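Below is one structure; the comments refer to it alone.
Derivation of every value follows stated rules applied to the coordinates shown; laboratory data play no part. Since we're looking at a predicted model, the values are computed, not measured. With ideal geometry, Cβ positions are generated from the backbone for all residues, glycine too; neighbour counts draw on all protein chains shown.
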Amino acid sequence: MSKWPQPFVSTVSHWQATNRGRKSLYNHNKETPLPTDVIDYVVVGAGMAGTTMAYHLTRPGIADGKTVAVLEAKDLASGASGRNGGHCAPFSFGSLTLLCDPLSEGGAGLTIEEAIEVMDFEKRVLEYVSETIDKENWDVDFWKGEKVEVRISEPAKVQMAENYQKWIAARENHPKLKGTEPEWAWIEDEAEAKKATRIHNAIGYSKGPAGSVHPHKLATAYMKAAIATGRADLYSYCPVHSAKKVDDLWEIEVHDKGIVKARNVIFCTNAHTPHVFQGSPIADYLVPFQAQAANVTPPLSFSGSKYLNNSYTIEDGPYLIFTPDAGIVLGLHHATAHELGVMTKQELYVDDDAYVAEGISKWLRDYCKNNFSDWGTEAPGEGAMRIWAGMLCATKDTLPLIGQVPGKEGMYMAAGFHGHGMARIALSTKYLAKLITTNEWDEGLPKTFDITEERFERGQIAPPFITEQERNGGDSLAGKFMSAVGLSSGNKVVSVVR
Ligand SMILES: Cc1cc2nc3c(=O)[nH]c(=O)nc-3n(C[C@H](O)[C@H](O)[C@H](O)COP(=O)(O)OP(=O)(O)OC[C@H]3O[C@@H](n4cnc5c(N)ncnc54)[C@H](O)[C@@H]3O)c2cc1C
């Protein structure tokens, strides 16, 4: 049974607040009855995964003549996709720690070759998103440039230098990447780090490709392009409670609106997936958690010609992008929030985006002025103006679940984006559309994302994100957790929310 209607009113993000006009899809088909014809592809959830799914399924030559209905519990991008940092930023070599650490220690447990495939995939996602926005001529505040990953402690700097060497060597052994220009640079010079990043205690930084986008406008654009084909539609306020197979068709039960019949159903429900899959290994594999972000209006010292040039992730927790005109969107990595003591694990591991804990609001309000060397004084109306929360979905091995649900013919899933959906979704769903329509796995999609019984089995050795004791407000195991998942601000610094 899904947890809908939700027993709370969600916070509102900068993105959701700035795409309210008649060009948006708020309230789309809210009062329209459900389709009565059998639908070829029902997509559950209209976040980035659901809207890109609808987009890919309606591209010429993919599923010509077939119908698509997207059933969304609330409004389009009312979940994480409308609440994130807007950072479409591929993993750098710094992620090798997380990707290659053993599963039993909270890593993804990949070989270096598999890790390189994941990194290369994310790089291709950015290229794909950029090309699509260009080709479709979408006005979604897209920026493509460079991200800097700032290190402020010696152990973290050493770790980055080691990972850089490891990555360069592994690229040279990789058949597709051998001889190609590395897209990331690692800069160890402290003075250069301070100057380039404007972070007062920076001692080293990496630099590589990144993008940012208005995610609410982007999800809307994908959905509108699907609707424009005349073969797809979005139904808002349609929470799906269950899907069961009856005579070769999926019967999808929508809260108080009835049943939609479908030949295929694709769950794009991310953090909410466990509610619909209770009792299945999927529910055990996925853990919802909260993250928060703020829209910061910069003072004059960071405006106009002094506006930031790069997007950022920073060792002590923050990630930060800028909108073209409306300032910075700043977030704090969830595990660091816990380590810094601004959120308890009980507050963190919830599926509730109705509140932002006071500790984290304060941290978000203070970060820029405390850390940018020349930030200066904020006038009234400058600084963190809007603060919100969203729900993400951790997975046991930090990788998403993309593919057919084991043992359920005609049922598929794209979920579990572990804080990195913007960097993974657009191509995950493109290749999933190929799998659904041709039964072929595209080699462009890392095989490690496939949903298999064996993966569920293996995942059991991963440390729990939260224990029952912590869920009930008992002792926090912050340190153990942090080092287990390779996220400590000691020598393993890998952010999964960027
Ligand atoms: C504060 C914050 C900052 C983040 N920053 C970044 C970042 O900068 N870069 C990055 O790559 N990632 C970031 N993320 C993560 C990123 O937002 C997610 O990985 C991504 O948006 C997931 O997209 P999705 O479509 O899978 O899920 P969602 O956007 O959550 O969409 C799921 C949709 O399904 C609907 N739904 C759920 N259950 C049902 C049901 N039973 N019936 C019908 N509908 C249902 C929900 O209402 C929701 O609209 C951030 C997330 C947060 C919260």
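When D40, D284 are sorted by how many other C-beta atoms sit within 10 angstrom of their C-beta, beginning with the fewest, the order is D284, D40. Taking the Cα centre of the stretch 1-111 as reference, the dipole from Cβ charges on Lys and Arg (+1) and Asp and Glu (-1) amounts to some 460 debye. Simple spin-label estimate for E443 and S303 gives 5.4 nm between the two label positions (7 Å along the Cα-to-Cβ direction from each Cα).
Over the chain, dividing the summed -39,500 (n - 2.57) contributions of all DSSP H runs of at least 4 residues by the number of residues returns a 222 nm mean residue ellipticity of -8500 deg cm²/dmol. Distance from the C-alpha centroid of the stretch 386-408 to that of the stretch 423-474: 7 Å, rounded to the whole angstrom. Pairs of Lys residues in the stretch 188-328 that lie 8 or more places apart, or on two chains, and have C-alpha atoms under 17 angstrom apart add up to 7.
Averaging the sequence gap over all C-alpha pairs within less than 8 Å and six or more residues apart, then dividing by the number of residues, gives the chain a relative contact order of 24 percent. Run the simple label-point estimate for D374 and S242 please: 7 Å along Cα→C-beta, distance reported in nm. Taking the simple label geometry, D374 and S242 are separated by 6.3 nm. Look at where the Cα atoms of the stretch 292-336 and of the stretch 235-261 average out, and the two centres are 41 Å apart.
Among residues other than H14 whose Cβ falls under 13 Å from its Cβ, what is the net charge (Lys/Arg +1, Asp/Glu -1)? Once all neighbours under 13 Å are counted, the net charge is +2. With semi-axes defined as the square roots of five times the eigenvalues of the C-alpha gyration tensor, the equivalent ellipsoid of the chain measures 34, 25, 23 Å, largest first. When both bridge partners sit in the chain, DSSP labels roughly 70% of those beta bridges antiparallel.
Test of understanding: ordering H418, H275, H241, H333 by Cβ neighbours within 10 Å, fewest first, what list do you get?
Values: H418 23, H275 18, H241 15, H333 26.
Ascending Cβ contact count within 10 Å gives the list H241, H275, H418, H333.
Each part reduced to its alpha carbon centroid, the stretch 150-199 and the stretch 12-83 end up 39 Å apart. Charge tally for V350 (other residues, Cβ to Cβ under 13 Å; Lys, Arg +1; Asp, Glu -1): -2. Farthest toward the positive end of the dipole of the chain, out of V9, V350, L330, is the Cα of V9, where the dipole comes from beta carbon charges about the Cα centre.
Once you compute Rg and the Kirkwood Rh from C-alpha atoms, what is the Rg to Rh ratio for the stretch 342-458?
1.14
Could you list the residues of the stretch 56-97 with an amide nitrogen less than 13 Å from a label point located 7 Å from the Cα of T229 in the Cα-to-C-beta direction? Label zone hits: 56-70. Cross-link partners of K135 among aspartates and glutamates, defined as those whose alpha carbon lies under 19 angstrom from its own and excluding same-chain residues fewer than eight positions apart: E127. Charge dipole (Cα centre; +1 on Lys/Arg Cβ, -1 on Asp/Glu Cβ; no other charges) of the stretch 251-308 amounts to roughly 300 debye.
Can you sort S305, S206, S311 by how many other beta carbons sit within 10 Å, fewest first? Final ranking by Cβ density, sparse to dense: S305, S206, S311. Each of G230, H214, V240 was placed along the dipole of the stretch 207-253 (beta-carbon charges, centred on the mean Cα), and the one lying farthest toward the positive end is H214. Extension gain, D284 to K408: 0.36 nm times the residue separation minus the Cα-Cα distance gives 42.9 nm.
What percent does the relative contact order of the stretch 27-97 come to when contacts are Cα pairs within less than 8 Å and at least six residues apart?
Rounded, it is 34 percent for the stretch 27-97.
The residues packed around A389, meaning those with a beta-carbon under 13 Å from its beta-carbon, carry a net charge of -3 if Lys and Arg are +1 and Asp and Glu are -1. If only the Cβ of Lys and Arg carry +1 and only the Cβ of Asp and Glu carry -1, the dipole of the chain around its Cα centre is close to 900 debye.
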